[in-house]
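Note sheet for the following structure.
The values are calculated or read from the model by the stated rules, or taken from the named source; none is laboratory data. These figures come from a predicted structure and were not determined experimentally. Using ideal geometry, Cβ is built from the backbone for each residue, glycine included, and neighbour counts are taken over all protein chains shown. Note: areas computed on protein heavy atoms with side chains; ligands, DNA, RNA excluded. Shrake-Rupley method; radii C 1.70, N 1.55, O 1.52, S 1.80 Å.
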Amino acid sequence: MQYTLFPLDSPNFTKLYLFKNKTDLGSIYQTIDWASLIKLLPEKKTMVGASSWLPPQGYFGLMFLKHYLKLSDEKLLERFNTDWAIQMFCGTLLSDNEIIKDNSFVSRVRKYIGKHVDFEEFQHKIIENWKDEIPDKNILLEDATCYEVYIRFPTDVKLLWESCEWLWAKQIPAICKLNKLKEPRSKFKDQRKKYLTYSKLRKKSHQKTKARKRASLRLLLKGITEFQQILNETKAVNLSPQDAQIFKTIKVVYQQQKHHLDNPKAKISDRIVSIYKPYIRPIVRGKENKPVEFGIKVHKMQVGGINIIEHDSYSAYNECKRLKISILKHKKMFGECSHISADRIYATNENRKHCTKNNIQTNFCRKGSGKDDKPTKKIKEILNKQRSTSLEGSFGTEKEHYLLNKIKAHNPETEKVWLFFGIHTANAVKVVRRREKAKQEIPQVA
């Protein structure tokens, strides 16, 4: 039974009918099993505090709307306050004199979901609701892509200067003023002029870059030493937990960059590229126009055109190691897998043996001097075309039309919310289009 917003005798029932039957949002609303999603949120144990603007369903609805409408948090809140269809999508209706004025409302909802929702379970409930409408459940397509986060492109000079600025322009003056201490002397202003001159250069030579890094490292070491002494004197009473974490990250940045300057060819494990997002790692993709990306590497499965996140990580990993796990997850969700289509990197001896053992037809190139027979060759051509058009095409669709080109959340939990809702909003739209197509194909009774 479809989850209803209002009882039949409600004066809002006419609006509900129009919303469900005459709007695109209403069609998407009916593809989602809201009752199962509500169970993922914790129950409110006490009645202390003001009541929420949204029912539990609205937390999920607001995130779906974010990616479907492609709006910023502020614009989404503005639309929510003035559009009754968007309010109904979230399971509520504001009174004529009501308006949400908190500009951080959408981001706080995202943070709440990121803190309390198990996204493996969330994805399972979403897919379970669409299971009967997914065609070709025995065919599995696989590939990996990177969804970039919104940070400035990192270089060693930028990272070092960002660390120096945080210490010498933000923290040291502020804490000294609060505790009435004399500010330590430094060459920060002189180095800022030199950094600006360097940053305006059209061509930055290796020698100038090395000199800038060396000067920034000296200034950074002095900043770390002086700031630590100030914290010892003041017992760090004015240092917030977030600032303490950034200071800890800056110390690691200094060690990594000093080691890199002294040993240019040495490999640095877990290299930090942002002091505000230290969990981000460079992911080498090998693309001609973008060899390195900074974000979440996602291994995806596609079944019947519906994308499923099999694994996500901020660190680089080899996706060919995920094939066996993907087959097991597919079996758990859809049953036996008979065909797999994946990139050439998956065609390892181990994966070939596993697929042969389980009677799974792949699109891998045949090893040795023999040739495939005509039926096998035709199947491989179809699998290759399906992967290159349906799966790889969905990457671009999600990035261009569902806000996944740059993830603009602020921490790993909210970035995961952004990722999952972006992908499954695209899935919901695809389910709506299939339902509409199926209705058009039903013959009309005279």
Worksheet item: Between the helical axis of 323-334 and the dominant principal axis of the chain, each derived from Cα atoms, what acute angle in degrees is found, rounded to the nearest 10?
Response: 40 degrees
Worksheet item: Relative to the longest principal axis of the chain, what angle (0 to 90°, nearest 10) does the C-alpha long axis of helix 412-441 take?
Response: 20 degrees
Response to the item:
Between [x] 1.40; [y] 0.98; [z] 1.20, the structure-derived Cα Rg over 2.2 N^0.38 Å is [z]
Discussion item. Apply the Karplus curve 6.51 cos²θ - 1.76 cosθ + 1.60, θ = phi - 60°, to the phi angles in region 343-348 and return the couplings in whole Hz, x for Gly and Pro.
Written reply: 5, 5, 5, 7, 7, 7
Worksheet, complete the sentence: In terms of the alpha carbon gyration tensor, root eigenvalues a ≥ b ≥ c, rounded if a/c is under 1.5 and otherwise prolate when a/b exceeds b/c or oblate, region 275-399 is prolate
Practice prompt. Please give the per residue accessible area of region 360-446, computed with a probe of 1.4 Å over protein heavy atoms only, in Å².
Written response: 61 Å²
Worksheet item: Which cross-chain or sequence-distant (5 or more) residues have an amide H under 5 Å from the amide H of Ser341, H modelled 1.01 Å from N in plane?
Response: Leu140, Leu141, Glu142
Worksheet entry | Note, ³J(HN,Hα) from phi for region 14-30, Karplus 6.51, -1.76, 1.60, rounded to Hz, x at Gly and Pro | 5, 4, 4, 4, 4, 4, 6, 10, 10, 10, 5, 4, x, 5, 5, 4, 7
Worksheet item: Whose amide H sits under 5 Å from the amide H of Glu310, counting only residues 5 or more places off or on another chain, with H placed in the peptide plane?
Response: His299, Lys300, Met301
Worksheet item: HN-Hα J couplings of region 122-132 from phi, Karplus 6.51/-1.76/1.60, θ = phi - 60°, integer Hz, Gly and Pro as x?
Response: 4, 5, 4, 5, 4, 5, 4, 5, 9, 3, 5
Worksheet entry | Reach of Lys101 by Cα under 25 Å, taken over lysines that are not fewer than 8 positions away in the same chain | Lys15, Lys44, Lys66, Lys70, Lys75, Lys111, Lys115, Lys408
Worksheet entry | Diffusion constant of region 102-156 at 10 °C, which comes from Stokes-Einstein with the Kirkwood Cα-pair radius and 1.306 mPa s, µm²/s | 102 µm²/s
Worksheet item: So, by mean Cβ neighbours within 10 angstrom, what's the order for 432-440, 200-208 with the highest one leading?
Response: 432-440, 200-208
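Just to confirm a number: summing +1 for Lys and Arg and -1 for Asp and Glu over residues other than Glu133 whose beta-carbon lies under 13 angstrom from that of Glu133, what do you get? Write out the running numbers ahead of the final one.
Details: positive: Lys131, Lys137, Lys430, Arg433, Arg434, Arg435, Lys437, Lys439; negative: Asp33, Glu128, Asp132, Asp136, Glu436.
Taking every other residue near Glu133 into account, the sum is +3.
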Worksheet entry | For peptides 413-424, 133-144, sequence by mean Cβ density within 10 Å, most packed first | 413-424, 133-144
